[in-house]
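Presented below is the structure to which this report refers.
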Amino acid sequence: MPAEIVERLRAELASDGREVTLAPDMPVVTVAPSAVRETARQLAADHGFDLLLDVTAVDWPGRTPRFDVVYHFYSTSHLMRVRLKTRVPEEEPVVDSLRSLYGSAGFMERECHEMYGIVFRGNMDLRPILLYEGFVGHPLRKDYPKQQEQPLVPYRK
Amino acid sequence: MSQPVIPIRAAGARSTAFEYFSTKKDEFVGWARKFSLFPYPFVTACCAMEFMAVSSTPYDTDRFGAALPRFSPRQSDLLMVVGTVTHKQAPILRKVYEQMCEPKWVMAFGACATSGGFYQNYAAVAGIDRIIPVDIYVPGCPPRPETVIDAIMKLQDRIGRSHHAILTESF
Amino acid sequence: MKGLSLDTRASAPLPNPIRPAFERGERDDSVVVSIGPSHPATHGTIQVIAALDGEKVERVDVHCGYLHRGFEKECEDHTWHNLMPYVDRLNYCSGLVNDFAYCEAVERLMGIEITPRCRYLRTLLSEYSRIADHLTCVAASLMELGAMTAFLYLVMIRDYVYEHLADLTGARLTYTYGRIGGLARDLPAGWLKRLAEILDQYEDFVGRIHGLMDRNRIFIDRTRDVGVISAVDAINWGFTGPILRSTGAPRDLRKDMPYLAYAELDFDVPVGIKGDNYDRYYVRMREMDESVYMIRQLMDMLPPGPISVDDRRCTLPDKQLVYTEIESLINHFKLIMDGPDVPPGEVYAAHEAPNGELGFYVVSTGGGNPYKLHVRAPSFVHMGGVHRLLEGYQLADIIPTFGSVNMIGGECDR
C-alpha cells in the first residue's frame, strides 16, 4: 500500500469530523452519514479510487447508532483499496446514494436496502433484488429469525 | 339334483380377454414412453454442472433415450428440477409444472430439490414436493452422474410397470 | 380420459415475484418480452425483461435473486469451519477458489501464516479451478451458439479435471477442501503424474476448439462487435476479471496485489482490444493457457513439508494424539464444537476468481461463529452493468453476451 497515498488521504480528508485510520490491510475513512457522498466524490476525483467494489452494512443491535454502512473502493492506478464507514441510526437509516458517481452502486444499494433497511436517498430504484415482492422485513438484521419463511406458493397436502 | 352356480368372479368384472389386451397395451405404451423421455431441465444451481456432465459423452443419457432436452413445457414430459428452488422461484416452478401435459413425471435432482439440502432458512423451499408432486428423488450434493443414470433407470422401470390410460380410465 | 388430479389442475393465479421497471417500450409497437427465469441460455436463474423494437433491444431490466439461498444469514449460525460447504457453493464452477479466498480472510484475522507447501498447492489448485470454470463458460456459450461439438469436447476434458479433483478431495464439484490454516489432506500418490497427463490432453482438446472457432465465419459474425463496452465504462459499472481485461485494461489481482505464490510465477495477463464477446472468449482461452503454464511451473516448485500450519487455534491435532492424549482430545473437541476462536476485528480479502474480484468482508466479535460474512460477488456486480452490453443490440445477441459474462447464480444471488 503506497505510503504517500495514505498520507495524502490523511491530509485532505481528516477534517470536519472525518477520521482516517489505518487497518492492517487498507486505510479506513470514517465519516458522518451526510458527508458520504462528498467524501466518495473526493476519493474518486482527487485520489483515483475509480472502482466501487462493495456496499454493505453491519447490524449492531445493542448500539446506538445501530447500523454501520461500509463501502470499499479500489484504485486501478494506485492498486490499493480504501474502506469508507459511516454509522446510521435505526430511526432514520438514510444515506446519500452513490448512484450518480458509480453505476455499480445501483444493484449493491438495492441489496443493502432490502437486507438491512438502509434507505439510499437519490437511488430511484430500490426494488427488492434478491428477495421478492411481498417479502416483509429485512432478513439480515439480527432480530429476523433465520427460518422464518414467507412462501409465495401455498404448500401441498 | 341341480348344483347351485357359484360365480367365480364378481358381477361387472371385465373379461379375461380384456385384461390380457389391456396389460399388453400397458407394456407396449410403457415401453414407448420410458425410452423416449424428453426432459425439461429446470436448472437453477450447482447440480447443473452434473446435469451437463451426465448429458455429455462420458456418461451419456442418450443411451437411455433421455438426452434431448425440450425447453418448452408443452413438449416435454420429464421435469428435472436441478438445484435449489427458492421461494422467489417457486411460482415459476409451479407454473412450468402446470403447463406440462399429461403424462408427466418429476425428478428432484439433488439434495436441495429433494429436501432443501442444508439451506434451512428464509429463502429456500425445503424440498420441491411442497409445491409439486415428485416421482423420483436423486440424493447427492451434487449427485454423481452414475446416481442420476440409476435414477433414470428406476424411473423407466416405474413407467414401464405402470398403467397407462389411453382411451378410457381402464384401457 | 382420466381426470386431472388435484395437483395438476391450475391453481389460483400465481403471484409475480418481481416488479418490472417498465410496462411497455418506448414506441407504440414495442413488445416487452420476459426471457427467463427458467431459460436454457440464461445459465439458470436470471430474468431479462426486454423491450423490443422488432428484433432490436431498446431497454433491458435484469432481475436476479431467483437463487438467493440466504448464504450470509446461514453462515452466522455456523462455526468458521462448518460454513465451508456454503462457501464452496458460491461460484460452484471453481469451488476451490472460494474456499481459499475465505480461508485467507480468516487467516488474516487470526494472524496465521500458511506453510510454503500449502501456499504453492493452493496456487496450483486455484489455477486448476480457473481452468475448470473457463472450460464450463466457453463450453456453455459455444453450445448456445449451436456449436454442440465444442461443448462435448470441452465437457470431456472438464470431466477429467473433475474426476482428478475427486481423487484429491473426495468430491467432483463442491470440494470443501480448504481449512483455516491449511488444507484438508495432502496429495495422494500419482496425483501429479495424472495432472501432467490431463494438461497434455487439455492442449489437444483446446487445440481442436481453436481450430473450430477462432476463424469460423459464423462465430465471428455472431460475436465480433457485439456486447461492446469501453474500459472507462466497465470500471464505472464495476466490471472486473476477464470482462474488464477484454476491454483493454490489464487489471489482474494476481499481478497488481499478488497473493499466495503468484509473485514468484512467470505469466502474462491476456488483454482484449475491443471489449466485445469475441474478445471475452479469446481472453478466457488465453487465460486457460496461462493457467496451464503456471501449473507446470508450480509442479516443479512444490516444496515438501506439512500441509497445515501447526497452530492449535485452528488445526485439528493428529488423530493418533487425539486418541491418546487428553489435551489433544479437548483441543479437537473445542475446535469442532465451538469452532476456532477468531479475535475481534474486520478484514476484506480478495482473490482473482475466474469471474473477477471475489472478496470476503468478515466481521468477527471473537468466538467460533462469524458476526458477519459478506461476499463481494463479481457476478452480482456484473449483473448491475450487463444492461450496457445488451441495449442496442439484437434479441439473438442476448444469448452470446450472457454466455460471455459468465453469470454464476450461486455467486450472484448468494
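The values are calculated or read from the model by the stated rules, or taken from the named source; none is laboratory data. Since we're looking at a predicted model, the values are computed, not measured. All Cβ positions, even for glycine, are placed from backbone atoms using ideal geometry, and neighbour counts span all protein chains on display.
So is C:TYR86 in contact with a helix residue (DSSP H, G or I) (Cβ under 8 Å, 6 or more places away or on another chain), free of Cβ contacts under 8 Å to residues at least 24 places away in the same chain, in the same structural domain as C:GLU357 (by TED's automatic domain parsing) and within 30 Å of C:MET337 (Cβ to Cβ) or not? Spelling it out, C:TYR86 is indeed in contact with a helix residue (DSSP H, G or I) (Cβ under 8 Å, 6 or more places away or on another chain), free of Cβ contacts under 8 Å to residues at least 24 places away in the same chain, in the same structural domain as C:GLU357 (by TED's automatic domain parsing) and within 30 Å of C:MET337 (Cβ to Cβ). For B:GLY83, are the conditions met, namely being within 17 Å of B:VAL43 (Cβ to Cβ) and not aliphatic (A, V, I, L, M)? The answer is yes for B:GLY83.
For a quick check of your reading of the model, give me the residue pairs whose first member lies in segment C:370-384 and is over 13 Å from C:ASN98 (Cα atoms) and at the interface with another protein chain (Cβ under 7 Å from one of its Cβ atoms), whose second is outside any strand (DSSP E or B) and polar (S, T, N, Q), with beta-carbon atoms closer than 6 Å and at least 6 apart or on different chains. From residues that are over 13 Å from C:ASN98 (Cα atoms) and at the interface with another protein chain (Cβ under 7 Å from one of its Cβ atoms), the pairs are C:VAL381/A:SER104; C:GLY384/A:SER104. Of the residues B:TYR97, B:TYR119, B:TYR59, the single one that is under 21 Å from C:MET407 (Cβ atoms) and either surrounded by fewer than 19 Cβ atoms within 10 Å (Cβ to Cβ) or among the aromatic types (Phe, Trp, Tyr) (or both) is B:TYR119.
Of the residues in segment B:12-19, at least one is over 21 Å from the mean Cα position of the chain (by Cα), aliphatic (A, V, I, L, M) and not in a helix (DSSP H, G or I). Within segment B:101-116, the set of residues being facing another protein chain (nearest Cβ under 9 Å) and surrounded by 22 or more Cβ atoms within 10 Å (Cβ to Cβ) comprises B:CYS112 only. When B:PRO142 is tested against (1) surrounded by fewer than 23 Cβ atoms within 10 Å (Cβ to Cβ); (2) assigned to a loop (DSSP other than H, G, I, E, B); (3) touching a Phe, Trp or Tyr at 6+ places or on another chain (Cβ under 9 Å), just one condition goes unmet, and that condition is (1).
The residues on offer are C:GLU113, C:GLU104, C:GLU74, and the sole one that is modelled with pLDDT of 90 or more, closer than 30 Å to C:ASN16 by Cβ and in contact with a helix residue (DSSP H, G or I) (Cβ under 9 Å, 6 or more places away or on another chain) is C:GLU74.
Sort out which residues of segment C:385-401 are more than 14 Å from chain A (Cβ to nearest Cβ) and either among the β-branched types (Val, Ile, Thr) or over 16 Å from C:ASP61 (Cβ atoms) (or both), and write them in order of number. Correct list: C:GLN394, C:ALA396, C:ASP397, C:ILE398, C:ILE399, C:PRO400, C:THR401.
For segment C:263-282, a tally of residues being part of a helix (DSSP H, G or I) and within 21 Å of the chain's Cα centre (by Cα) returns 6. Suppose the filter is without any contact (Cβ under 8 Å) to a residue 40 or more places away in the chain and of a type outside the set (A, V, I, L, M); does C:GLY367 pass it? So C:GLY367 fits the description; yes. Quick check on my filter: what residues within segment C:1-57 are in a loop (DSSP other than H, G, I, E, B), at pLDDT 80 or above and among the hydroxyl-bearing types (Ser, Thr, Tyr)? Answer for segment C:1-57, where residues must be in a loop (DSSP other than H, G, I, E, B), at pLDDT 80 or above and among the hydroxyl-bearing types (Ser, Thr, Tyr): C:SER30, C:SER38, C:THR45. Scanning segment C:86-138 for residues that are small (Gly, Ala, Ser) and in contact with a Lys or Arg (Cβ under 7 Å, 6 or more places away or on another chain) yields C:SER94, C:ALA132.
Among the residues making up segment B:117-171, a single one is in contact with a helix residue (DSSP H, G or I) (Cβ under 6 Å, 6 or more places away or on another chain), among the polar types (S, T, N, Q) and within 11 Å of chain C (Cβ to nearest Cβ): B:ASN121. For segment A:120-134, the set of residues classified as assigned to a loop (DSSP other than H, G, I, E, B), out of contact with any Pro (no Cβ under 6 Å at 6 or more places or on another chain) and not acidic (Asp, Glu) consists of A:GLY122, A:ASN123, A:MET124, A:LEU126, A:ARG127, A:PRO128, A:ILE129, A:LEU130, A:LEU131, A:GLY134, listed by residue number.
So that you can scan it fast, the table gives a plain yes or no per residue for (1) of a type outside the set (A, V, I, L, M, F, W, C); (2) buried (at least 17 other Cβ atoms within 10 Å of the Cβ); (3) out of contact with any Gly (no Cβ under 9 Å at 6 or more places or on another chain):
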residue	(1), (2), (3)
C:LEU145	no, yes, no
C:ALA150	no, yes, yes
C:TYR153	yes, yes, yes
C:GLU163	yes, no, yes
C:ALA171	no, yes, no
C:TYR175	yes, yes, no
C:GLY190	yes, no, yes
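Filtering segment B:36-86 to residues that are assigned to a helix (DSSP H, G or I) and in contact with a His (Cβ under 9 Å, 6 or more places away or on another chain) leaves only B:ALA48.
Of all the listed residues (B:PRO58, B:PRO69), the sole one being within 29 Å of C:GLU411 (Cβ to Cβ), without any contact (Cβ under 8 Å) to a residue 40 or more places away in the chain and either more than 13 Å from every other protein chain (Cβ to nearest Cβ) or not hydroxyl-bearing (Ser, Thr, Tyr) (or both) is B:PRO69. All of C:ALA189, C:ALA166 fail the test of being farther than 21 Å from C:MET301 by Cβ, out of contact with any Ser or Thr (no Cβ under 6 Å at 6 or more places or on another chain) and not assigned by TED's automatic domain parsing to the domain that holds C:HIS39, apart from C:ALA166.
Taking segment A:49-83 on its own, how many of its residues are within 11 Å of chain C (Cβ to nearest Cβ) and either among the hydroxyl-bearing types (Ser, Thr, Tyr) or farther than 28 Å from A:HIS138 by Cβ (or both)? Of the residues in segment A:49-83, 11 are within 11 Å of chain C (Cβ to nearest Cβ) and either among the hydroxyl-bearing types (Ser, Thr, Tyr) or farther than 28 Å from A:HIS138 by Cβ (or both). Would it be correct to say that C:ASP233 is in a loop (DSSP other than H, G, I, E, B) and either in contact with a Leu (Cβ under 7 Å, 6 or more places away or on another chain) or modelled with pLDDT of 90 or more (or both)? Judged against the criteria, C:ASP233 is not a match.
Looking only at segment C:319-347, residues that are over 17 Å from C:GLY367 (Cα atoms) and surrounded by 13 or more Cβ atoms within 10 Å (Cβ to Cβ) come to 5 in all.
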